[in-house]
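*Asks:* One structure coming up, written as structure tokens, with questions to follow.
Derivation of every value follows stated rules applied to the coordinates shown; laboratory data play no part. Everything quoted here is computed from the prediction, not taken from an experiment. No Cβ is skipped: glycine too gets one built from the backbone with ideal geometry, and neighbour counts run over all protein chains shown.
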Amino acid sequence: MNPRRSYAAGTGLFILLGFAALAYLATQTTSLVNFDSGPSYDVTAEFTSVGGLKDRAPVKMAGVRIGTVKSITLDQKSLDAKVTLAIADRYNQIPADSYAKIMTSGLLGDQFISLSPGGSPDNLKNGSVIANTQSALQLEDLIGKFLTSGGSKSASGSSK
Amino acid sequence: MTDTSSDSAAVPLVQVRGLTTVLGGKKVFDALDLDIARGRVTAIMGPSGTGKTTLLKHITGQMHGDAGQVLVDGEDVARLPRESLYVLRERIGYLFQNSALLSDYNVFENVAFPLRQHTRLQEDLIRNVVLTKLQAVGLRGAALLMPSELSGGMARRVALARAIVFDPMLILYDEPFVGLDPIALNQVLKLIRTLNRELGITSVLVAHEFAAVREVADHVHLIANGKRVASGTPAELAKGDSPWTAQFFGGALEGPVPFQYPAPPLASAFGFPGVAP
Amino acid sequence: MKQFAARLFDPLVDGLADIGRTGWFLLGLLAALPRGLTYPRELLRQLWFVGAKSLIIIMISGLFVGMVLSLQLYYTLSIFGGTSALGTVIALSLYRELGPVVTALLFAGRAGTAITAEVGLMRATDQLSAMEMMAVDPLAFVASPRFLAGVIAMPLLVAVFNLMGIFGGHLIGVTWLGIDNGTFWSNMTSNVSVWTDVINGEWKALAFGALISLIAVYQGYTAPPTSEGVANATTRTVVTSSIAILALDFVMTAFLM
């Protein structure tokens, strides 16, 4: 009976180890790590283009992660992208006229939303709309602009 | 089932009727008829390759004939649905030539295996049954050994203990004497006799050692070329009044069983002109 | 000419027939599976046999594969100045591809052959016939627990392999090559997703586990009852399951991701 118990224990250990490894992989090495399950409030911002921004991308202020992108939809009236940001409740002192900008981490990295502080005494709260936004910098546009401005001055002047 | 057996104690337990089986283009059985009487020890003998083991597999329903039928206790084995076949098999003990003990389990668990599979007996009851059966084959002391630690004769006795754990109505012995030294042979002979005489278990043994068979068998069927060529008590067969028994029990080189495997004439095989088939 | 054609097509027909017979065997096995579940003790024994006993080789291999990945990918990424993505690339290569495939190949060699040899030996020594004679269905008692154990063990082994791979990659990337620890993890955690990466890899593991244990049990079950027959069946298990794994991997990658 003794050997039977030892292999049963070994098998149990193997199963536990397997599931522990799976749980570790799933929660500690994936974007689940960034998933802030704490209380948060929602703020919306409209962008003319979100580029490659994805759901659950980080929202940062001064480089510190303060929330995540909750949803990205198209506003049928303005035909702009409407992005809902979930900001952690503990960050409740953010000026209402803050400036939202879609940035890229590194040259080819993922995109995220960066908030730059404004000067208003009022703070963002649930349902607020961020009025000042700057869309994603499209690499293609940038290159196009560079080429046209370098190629002919008149063309860039007329487009202005 | 008890009805049929009590009504017809005289009806043979196993009736093979017109059994014809073709395996790989070769007719193993050709309209074979034979009976196995209840409560007796019947030996089935014959030259190697005549399908003696195959016949046992027909009785247990592991193989089916192409024509004819095999009745065991009045039931046509080939027609039985799986569940009924398994119920029938629980009443048949089968001793394999190489014992076929489960190598993962020790002697005790091997003998307990059928009990654990088909009953919900209490552990101490299982223990009592198993130790009783092991005592009967003289191996109670070996209960905790693994099959790999047993000699051939011991393994066969353990397999026998396992075969009788349900007190079957029929035991099929497939070559029970092969590879045993004289002492082990006598032990197995004694066990076959004891199980038959004291428990009344009908026994069928497939063998070709006539000396051993005449010690235990009440009746012998001699099979060759897919047919039953002789039947009778060992004493009758030993007298050898047919060419088959003369060759088989007398050991003559030529007879009804040819020395040469069927082949075209030698001359044509060597390619001599004019004799090509 | 005719002989040449025969020599060309006979193995092909044999191979197709083998696939067909394995398919039929699978149907019988699936039908016996519910009855196989009535032998939990056998399942536990087989989990020990194919799972727990494969753990050491899987852990060591995972560690080395992670370490090699780290070195190779660091070199490649440094060409593009993207070494900060090392953690991401290691994790994605492991979870989506190398973890399931390498674990499956090791599993076929370690557990698949053991299953074939064991079942083949049971066939050769009439143990399977003996079970049938004792009114125990060997498909339920022998084949099902081994099949299920393979299906259960593989995803767990793949998780362990991946974990060791990440540790190995971290060891080389951070400790040796000097990538910032925070960069390594944060880049990984922001780009690796649970569903499309970790779980998709586990689906592969599940499919490979079923495939390997099916082939291994089938080969053992149908092995000719001689020592040569069992030896050949063991070889066939490794060859067949390796090819089947890689082919199925392509199909699953194309459809899943």
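*Asks:* Where the centre of each part is set by its Cα atoms, how far does the range C:92-120 sit from the range C:210-257, in angstrom?
*Replies:* Between the Cα centre of the range C:92-120 and that of the range C:210-257, the gap is 10 Å.
*Asks:* Positive end of the dipole of the protein assembly as shown, charges at C-beta (+1 Lys, Arg; -1 Asp, Glu), about the Cα centre: which of A:132, B:92, C:237 has its Cα farthest in that direction?
*Replies:* Farthest towards the positive pole: A:132.
*Asks:* May I pose another question? Using only alpha carbon pairs under 8 Å that are at least six residues apart, calculate the relative contact order of chain C and give it in whole percent.
*Replies:* Computed over chain C, the figure is 32 percent.
*Asks:* Next question. What does the charge count around residue A:74 come to, taking other residues whose C-beta lies under 11 Å from its C-beta (Lys +1, Arg +1, Asp -1, Glu -1)?
*Replies:* -1
*Asks:* Can you flag which of A:77/A:125; B:133/B:239; B:57/B:133 are past 28 Å Cα-Cα?
*Replies:* Violating the 28 Å Cα-Cα cut-off are B:133/B:239.
*Asks:* Figure the gain on full extension for residue A:79 and residue A:125 (residue separation times 0.36 nm, minus the Cα-Cα span) and round it to one decimal in nm.
*Replies:* Fully extending the segment from residue A:79 to residue A:125 adds 14.1 nm.
*Asks:* Turning to a different aspect of this structure: Below 8 Å, C-alpha to C-alpha, sequence gap of six or more: please give me the relative contact order for the range B:99-167 in percent.
*Replies:* 51
*Asks:* Among the aspartates and glutamates, select those whose C-alpha is under 12 Å from the C-alpha of residue C:204, and discard any that sit fewer than 8 residues away in the same chain.
*Replies:* The qualifying aspartates and glutamates are C:97, C:249.
*Asks:* Grab the beta carbon distance between residue A:42 and residue C:12, set R0 = 51 Å, and tell me the FRET efficiency rounded to 0.05.
*Replies:* 0.25
*Asks:* Sticking with this one: If a/c stays under 1.5 just call it rounded; otherwise compare a/b with b/c (prolate if a/b is bigger, oblate if not). Do that for the range C:9-91, with a ≥ b ≥ c from the square roots of the Cα gyration tensor eigenvalues.
*Replies:* oblate
*Asks:* Which FRET efficiency value, to the nearest 0.05, do you get for residue B:167 and residue C:183 by plugging their Cβ-Cβ distance into 1/(1 + (r/R0)^6) with R0 = 56 Å?
*Replies:* Between residue B:167 and residue C:183 the formula returns 0.15.
*Asks:* When Cβ neighbours within 10 Å are restricted to other protein chains, what is their mean count per residue of peptide C:36-49?
*Replies:* That average works out to 3.
*Asks:* By a straight-distance test (C-alpha under 16 Å), which lysines pair with residue B:227 as possible cross-link partners, with residues fewer than eight away in the same chain excluded?
*Replies:* Correct list for residue B:227: B:26, B:27, B:52.
*Asks:* Placing +1 on the Cβ of each Lys and Arg and -1 on the Cβ of each Asp and Glu in chain B, which of B:264, B:107, B:173 has its Cα farthest towards the positive end of the resulting dipole?
*Replies:* So the residue furthest toward the plus end is B:107.
*Asks:* Extent of the range B:1-141 along each principal axis, from alpha carbon coordinates, in Å, largest to smallest?
*Replies:* For the range B:1-141, the Cα spread along each principal axis is 49, 37, 28 Å.
*Asks:* A follow-up question, please. Helix B:123-136 versus the longest principal axis of chain B: what angle, 0 to 90°, nearest 10, using Cα atoms?
*Replies:* 50
*Asks:* Oh, and also: Looking only at other chains, what is the average number of their beta-carbon atoms within 10 angstrom of each beta-carbon in C:120-129?
*Replies:* That average works out to 4.
*Asks:* Add -39500 (n - 2.57) for each DSSP H run of 4 or more in chain B, then divide by its residues: what number comes out at 222 nm, to the nearest 500 deg cm²/dmol?
*Replies:* Result for chain B: -10500 deg cm²/dmol, rounded to the nearest 500.
*Asks:* Round to the nearest 0.05 the FRET efficiency obtained for residue B:64 and residue C:195 when R0 = 41 Å and r is the Cβ-Cβ distance.
*Replies:* Efficiency, rounded to the nearest 0.05: 0.20.
*Asks:* Measure off 7 Å from each Cα along the Cα-to-Cβ vector at residue B:90 and residue A:103, then give the distance between these two points in nanometres to one decimal.
*Replies:* 7.7
*Asks:* Below 16 Å, Cα to Cα, which aspartates and glutamates can residue A:101 reach? Residues fewer than 8 away in the same chain don't count.
*Replies:* Cα-Cα hits under 16 Å: A:46, A:55, A:80, A:110.
*Asks:* In addition: Considering only the other residues whose Cβ falls under 12 Å of the Cβ of residue B:180, what net charge follows from Lys and Arg at +1 and Asp and Glu at -1?
*Replies:* -1
*Asks:* Using the Kyte-Doolittle scale, which helices in chain C average at least 0.5 and also have C-alpha atoms spread 24 Å or more along the helix axis, with helices defined as whole DSSP H runs?
*Replies:* What comes out of the filter, once short or polar helices are dropped, is C:2-36, C:55-79, C:144-170, C:200-221, C:227-256.
*Asks:* What is the protein assembly as shown by shape, rounded, prolate or oblate, if you read a ≥ b ≥ c off the alpha carbon gyration tensor as root eigenvalues and call it rounded for a/c under 1.5, prolate for a/b larger than b/c, and oblate otherwise?
*Replies:* prolate
*Asks:* Turning to a different aspect of this structure: Once you keep just the Cα pairs under 8 angstrom separated by 6 or more residues, what percentage relative contact order results for chain B?
*Replies:* RCO, chain B: 22 percent.
*Asks:* Also, quick follow-up: State, to one decimal in nm, how far the label point of residue A:28 lies from the label point of residue A:72, with both points 7 Å from Cα in the Cβ direction.
*Replies:* With each label placed 7 Å out from Cα toward Cβ, I get 3.1 nm.
*Asks:* Let me ask something else. Obtain the nm distance between the two label points defined at residue C:79 and residue B:266 by a simple spin-label model: each point lies 7 Å from its Cα along the Cα-to-C-beta direction.
*Replies:* Going by the 7 Å Cα→Cβ label model, 7.7 nm.
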